[in-house]
1. Report PHE112's accessible area, 1.4 Å probe, all protein chains in place, as a number in Å² to the nearest 10.
2. Relative contact order, percent, of region 102-180 when contacts are C-alpha pairs under 8 Å separated by at least 6 residues?
3. Which one, ALA164, TYR6, VAL49, projects farthest toward the positive side of the charge dipole computed for the chain from Cβ point charges (K/R +1, D/E -1)?
4. Does region 58-180 come out rounded, prolate or oblate, given a ≥ b ≥ c as the square roots of the eigenvalues of its C-alpha gyration tensor, rounded meaning a/c under 1.5 and, failing that, prolate meaning a/b above b/c?
5. Return a whole-number percent for the relative contact order of the chain, with Cα pairs under 8 Å and 6 or more residues apart as the contact set.
6. Which angle between 0 and 90 degrees, to the nearest 10, do you get for helix 155-179 versus the longest principal axis of the chain when only C-alpha atoms count?
7. Using only the Cα atoms of region 1-125, build the gyration tensor, take square roots of its eigenvalues as a ≥ b ≥ c, and label the shape rounded, prolate or oblate: rounded if a/c is under 1.5, else prolate if a/b is larger than b/c, else oblate.
8. Take ILE137 and VAL106, extend 7 Å from each Cα along the Cα→Cβ direction, and tell me the distance between the two endpoints in nm.
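The values are calculated or read from the model by the stated rules, or taken from the named source; none is laboratory data. In this text, all values refer to a predicted model and were calculated from it rather than measured experimentally. Counting neighbours? That spans all protein chains shown, and the Cβs are built from the backbone with ideal geometry, glycine included. Surface areas here come from the heavy atoms of the whole protein model, side chains and all, with no ligands, DNA or RNA. Shrake-Rupley method; radii C 1.70, N 1.55, O 1.52, S 1.80 Å.
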Amino acid sequence: MNEKIYALFGAVGPLVAYIFIGVSIALSPWFSWERNALSDLGHAVKSGVAPIYNFGLLLTGFLLMIYGVTVLRGYARWTSYSLAISAFILQLVAAFDEVYGLLHSVVSFLFFVSLGSTSIMYAMERKSSLAVIAFIIGFFSWIFYWARIYSAGVAVPETISSVAVLSWIISSALRIYTSK
């Protein structure tokens, strides 16, 4: 497949996640930013939109993994491996939804830690100020949540931190796409 297509996977993958999350939220009148985690949408027993939500995470993980192991590898080698691991862990979040209790909590925690680590790696490897800013925004969204500086469900820091990280992923993908 053409390298330009693989580069687009890095831009389209994150958008796929938020399209599926948005559809899941729109179809779930019970969902509340003040009380819920995004993963509540993927609970196989309690959520009618679990197939939509979890498929979106699986597809996003697949697209980002392909992006990471193909074209990103030539642009930021170590980041590509780290992103592929993060993408795989995202798929684990979908596979081990909230029905799995502690296992889901562990893979979710590992996913957000891996996103932060991947951002730091990209910042060092490509001297990216956007990745540094993304890491800082993501880190402090979690710190402020845990310190109860704002009152919201865990969906808020999940969204803030992931959108921040996805900004540099999409930017890198578009930069690679336009250079090919």
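1. 50 Å²
2. Details: 56 pairs, mean separation 23.6, N = 79.
Rounded, it is 30 percent for region 102-180.
3. TYR6
4. Oblate is the answer for region 58-180, as a/c is 1.5 or above yet b/c matches or exceeds a/b.
5. 28 percent
6. Result, in degrees: 20.
7. Details: a/c = 2.37, a/b = 1.70, b/c = 1.40.
In terms of gyration-tensor shape, prolate.
8. 3.2 nm
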